[in-house]
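K.L.:
Have a look at the structure that comes next, please.
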């Protein structure tokens, strides 16, 4: 029932707080490169000093434990100094992706209760919602005034960051992650990656995607170098400034890198997460010269990833691995009883990486975060993932078998179809809507929307796409739209997603010319 195998713990006893770990490396090697972004490199000393300037000014404004501070910035050294500065002040950061629609950013800012926004100059003034805005370049400038009131003692349970994920009710939900769980995760990944953690990691994940905690903080807490790439494809560009010996990315992006002839020879290690890893991609990466491919799995609610494995290209199937050393995994039936090894069941995750829950959603938190009957610690909880898995009898490795609900992942992003459907039906020309990810179309999985019109004239695809883009991030905007007189229903009147027809395949320009 309880895990027989886990990823080994890091030697040396209890890990230091992850921010403290970074500060120790900054003191030890102030002249070593810490972060490169937009073709600019800051040393550990420069990054630490900039973060201290941010922290001092935030403390002077009253930022401390449980204070949330939003960050609206691109992939720059200043952005990284903002995250560290907020954490050094004792607060928690709320990442806001500049590429997201204004309405979504405004909702996240208001819902999080952020005390301030740290914005790059190019994004300043875009979110005027009664929250104090500070220009990041002014805070981090070497001549910036620093006020240094005494910092509060860091408590394990205090908040580290709030990351918003798609919500089935139509509203994104903020996951509350503590310093203790973030530290456990960073320590576990450092142990898993070994020397890779202290090298140069090409960080491709936006800060709004929680895998960024891995590709930013694991290197910085190991004396490594963070290469803030605009995206993973920068590795394939001729004369690109993006170089590294490891890369963190979602499998679908890695597959495109392989198709473009990459990754380049210098990349010897890959950390893949956020979606399923095809066995063919694993073998292609090894053929390209990548000697170590790590597969990681885990929802935001259990602090980035809860299981991991170093994959072998000779394996017949890709596993999602073993639990990290502070994680407990259970495969249970519908009555929360353990199922035999080899039998599929729902995955529940317990242990020290379980987060605090959802901000302002006590009912949803109680529904998804349950008392852990298998953990003797008082107040222990386990998170109900909704994922169907089985445990291999011989090794204890976990195999993923899909979702138990309609939630999907696309390019690493978690998507609740209900959120897309709610926005679609808010259009005056749409009565009913459904959104699904189809993997039976040329070009790989894609998001498809089905709608029934409110009148004789259905909204055009362009109108629906524009309506969605005004409220949802680009990864939640379907690539195709299908208009139907009625959506298929099951005998009990529920939407029958399996009966939704595949959209008509779009003919290429060559096919059209040949036909005509």
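The values are calculated or read from the model by the stated rules, or taken from the named source; none is laboratory data. Bear in mind the structure is a predicted one, so any value in this text is a computation, not a measurement. Cβ sites come from the backbone with ideal geometry, for glycine too, and all protein chains shown count toward neighbours.
K.L.:
Of (1) at pLDDT 80 or above; (2) under 19 Å from residue 86 (Cα atoms), residue 125 satisfies all except one. Which?
P.N.:
(2)
K.L.:
Taking segment 25-60, which residues are assigned to a strand (DSSP E or B) and within 14 Å of residue 134 (Cβ to Cβ)?
P.N.:
Of everything in segment 25-60, nothing turns out to be assigned to a strand (DSSP E or B) and within 14 Å of residue 134 (Cβ to Cβ).
K.L.:
Which one of these does residue 370 not meet: (1) part of a loop (DSSP other than H, G, I, E, B); (2) touching a residue at least 12 places away in the same chain (Cβ under 8 Å); (3) surrounded by fewer than 22 Cβ atoms within 10 Å (Cβ to Cβ)?
P.N.:
Only one criterion in (1) part of a loop (DSSP other than H, G, I, E, B); (2) touching a residue at least 12 places away in the same chain (Cβ under 8 Å); (3) surrounded by fewer than 22 Cβ atoms within 10 Å (Cβ to Cβ) is unmet by residue 370, namely (1).
K.L.:
With respect to the numbered conditions (1) assigned to a loop (DSSP other than H, G, I, E, B); (2) closer than 26 Å to residue 108 by Cα, which one is the sole condition not fulfilled by residue 486?
P.N.:
In the conditions (1) assigned to a loop (DSSP other than H, G, I, E, B); (2) closer than 26 Å to residue 108 by Cα, residue 486 misses (2) alone.
K.L.:
Need the failing condition index for residue 96 against (1) within 27 Å of residue 469 (Cα to Cα); (2) surrounded by 23 or more Cβ atoms within 10 Å (Cβ to Cβ); (3) at pLDDT below 95, just the number.
P.N.:
Failing condition for residue 96: (3).
K.L.:
If you go through segment 321-346, how many residues are closer than 30 Å to residue 291 by Cα and not in a loop (DSSP other than H, G, I, E, B)?
P.N.:
6
K.L.:
Checking the condition crowded, with 16+ Cβ neighbours inside 10 Å and under 16 Å from residue 503 (Cβ atoms), which residue from 464, 398, 468 passes?
P.N.:
Values: 398 fails: under 16 Å from residue 503 (Cβ atoms); 468 fails: under 16 Å from residue 503 (Cβ atoms).
It is 464.
K.L.:
Then there's this: Which number in (1) assigned to a helix (DSSP H, G or I); (2) modelled with pLDDT of 95 or more marks the one condition that residue 107 misses?
P.N.:
Checking residue 107 against (1) assigned to a helix (DSSP H, G or I); (2) modelled with pLDDT of 95 or more, the one that fails is (2).
K.L.:
Being modelled with pLDDT under 95 and closer than 26 Å to residue 210 by Cβ narrows it down to one of 288, 308, 326, so name that one. Even if it seems obvious, please write down each step before you answer.
P.N.:
On the way: 288 fails: closer than 26 Å to residue 210 by Cβ; 308 fails: modelled with pLDDT under 95.
Sole residue among the options that is modelled with pLDDT under 95 and closer than 26 Å to residue 210 by Cβ: 326.
K.L.:
Here's a follow-up. Scan segment 192-200 and give yes if some residue there is over 30 Å from residue 434 (Cα atoms), modelled with pLDDT under 95, in contact with a helix residue (DSSP H, G or I) (Cβ under 6 Å, 6 or more places away or on another chain) and surrounded by 21 or more Cβ atoms within 10 Å (Cβ to Cβ), otherwise no.
P.N.:
Yes.
K.L.:
Related question: Just to verify a result, which residue in segment 380-409, among those that are closer than 25 Å to residue 175 by Cα and not in a strand (DSSP E or B), is farthest from the chain's Cα centre (by Cα)?
P.N.:
Once the filter is applied, the top-ranked residue is 380.
K.L.:
Hey, another quick one. May I ask you to verify whether residue 328 is under 22 Å from the mean Cα position of the chain (by Cα), surrounded by fewer than 20 Cβ atoms within 10 Å (Cβ to Cβ) and under 17 Å from residue 300 (Cα atoms)?
P.N.:
no
K.L.:
Still on this structure, I have one more. For segment 173-190, state whether one or more residues are in a loop (DSSP other than H, G, I, E, B) and within 13 Å of the chain's Cα centre (by Cα).
P.N.:
no
K.L.:
I would also like to ask the following. Please go through segment 347-359 and pick out each residue that is outside any strand (DSSP E or B) and either closer than 13 Å to residue 184 by Cβ or modelled with pLDDT under 95 (or both). Write out each step before concluding.
P.N.:
Looking only at segment 347-359, we keep the residues that are outside any strand (DSSP E or B), and these are 352-356, 359.
Residues satisfying the conditions are 352, 353, 354, 355.
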